[in-house]
Structure formats: C-alpha cells, structure tokens
1. Do any trypsin sites (Lys or Arg not before Pro) in the range 25-63 lie in a loop, going by DSSP, with at most 14 other beta-carbon atoms within 10 Å of their beta carbon, and if so which?
2. Calculate the dipole size of the chain relative to its Cα centre from +1 charges on Lys and Arg beta carbons and -1 charges on Asp and Glu beta carbons; express the result in debye to the nearest 20.
3. Got a sec? How would 54, 1 order by Cβ neighbour count within 10 Å, fewest to most?
4. Pop out the ³J(HN,Hα) list for the range 66-72 in order, Karplus 6.51 cos²θ - 1.76 cosθ + 1.60 with θ = phi - 60°, rounded to Hz; leave Gly and Pro as x.
5. Using a 10 Å cut-off around each Cβ, can you sort 112, 119 from fewest to most neighbouring Cβ atoms?
6. Tell me, how many Å apart are the Cα centres for the range 103-130 and for the range 11-78?
7. Excluding same-chain pairs closer than 8 in sequence, count the lysine pairs in the chain whose Cα atoms lie under 22 Å apart.
8. Given labels modelled 7 Å from the Cα in the Cβ direction, how far is it in nm from residue 14 to residue 26?
Amino acid sequence: MINQIFEYLGDEADYLLNHKCTTVPKEDLHLPGADFVDRVHGLSDRSPNVMRNMQLLFNTGRLAGTGYLSILPVDQGIEHSAGASFAPNPAYFDPENIVKLAIEGGCNAVASTLGVLGSVARKYAHKIPFLVKLNHNELLTYPNK
C-alpha cells in the first residue's frame, strides 16, 4: 500500500511523507482524542453551557468520540451572491437540503446564517448541532464596510 501512495505522489512523495515541522514543537500541539474537550478546554473560563455544547459537537456524527470535527459551512449568498454559490446545484439554496446533506454526510454540525438555521430549527436542531455563522463584513450599505 505504501508503494502505491508513493506512486500517486510522484516526485513529491518523499517531501510530503517525511516532512518534519521545525516551527512548532510537537509538545505544543493538542492532538485529537475522545478527551479533547476535557484535556484542552476543561480548565478554561468557558461556561458550563459552552462546554456542554462543545462536547455535543465532538460527540455527534460519524467522527463522534474521535476528537475530530467535520462541520458543513454554507454561506447562503450573504457575503457572496447566491447565484455564485448555488448556480451549479440550485437544490442547495433550500435550507432544508443543506441540513439534510450535513446529516447524511455524518457531519458533527452545520454552520450557516441565522435565517437558514432558524427556518429549519424546529425540524432539525435536535438531530444535528447548529452553528450560526456571523459574517465579518456586510456588503449591503454604500459605501461598503
């Protein structure tokens, strides 16, 4: 199997597979694991509600209990036009299809705007965690901010 991987990677195989990071010591890394929330955030000042919700994220979906997260983020055309985001597959302009995709894909959570998540919350909020995406800018004023 490793020979096949080397073959796929071609001339870059040695560089990619034998890379040693010299900028961040491995002791400074927080590696994933079932105890990630306790180990990394357990002694923080985060509220019990935040800790419970963070643990829920890590315990949902196909990666549950591994310390890894798979979150489906969908912008829904706020920062970019909806045409640019959904023209290739217009069915995903429908908020329900976005959430269904995240559930079927085994994601830990779905992240989108308040309107998208709010429109399907009663039907799906108990099936997959929701993360509200807050944009860092808005392009609805003139001049743009």
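1. Numbers: sites: 26, 39, 46, 52, 62; in loops: 46, 62.
Answer in residue order: 46, 62.
2. I would put it at about 700 debye.
3. Result, fewest neighbours first: 1, 54.
4. Rounded to whole hertz, the list is 9, x, 9, 10, 10, 10, 8.
5. In increasing order of surrounding Cβ atoms, one gets 119, 112.
6. 20
7. Pairs that pass both the separation and distance tests number 5.
8. Computed distance between label sites residue 14 and residue 26 equals 2.1 nm.
Rule-based calculations on the coordinates, nothing more; no lab input. This structure is a prediction, so every number in the text was calculated from the model and none was measured. Don't worry about glycine lacking a Cβ; one is built from the backbone with ideal geometry, like all the others, and counts go over all protein chains shown.
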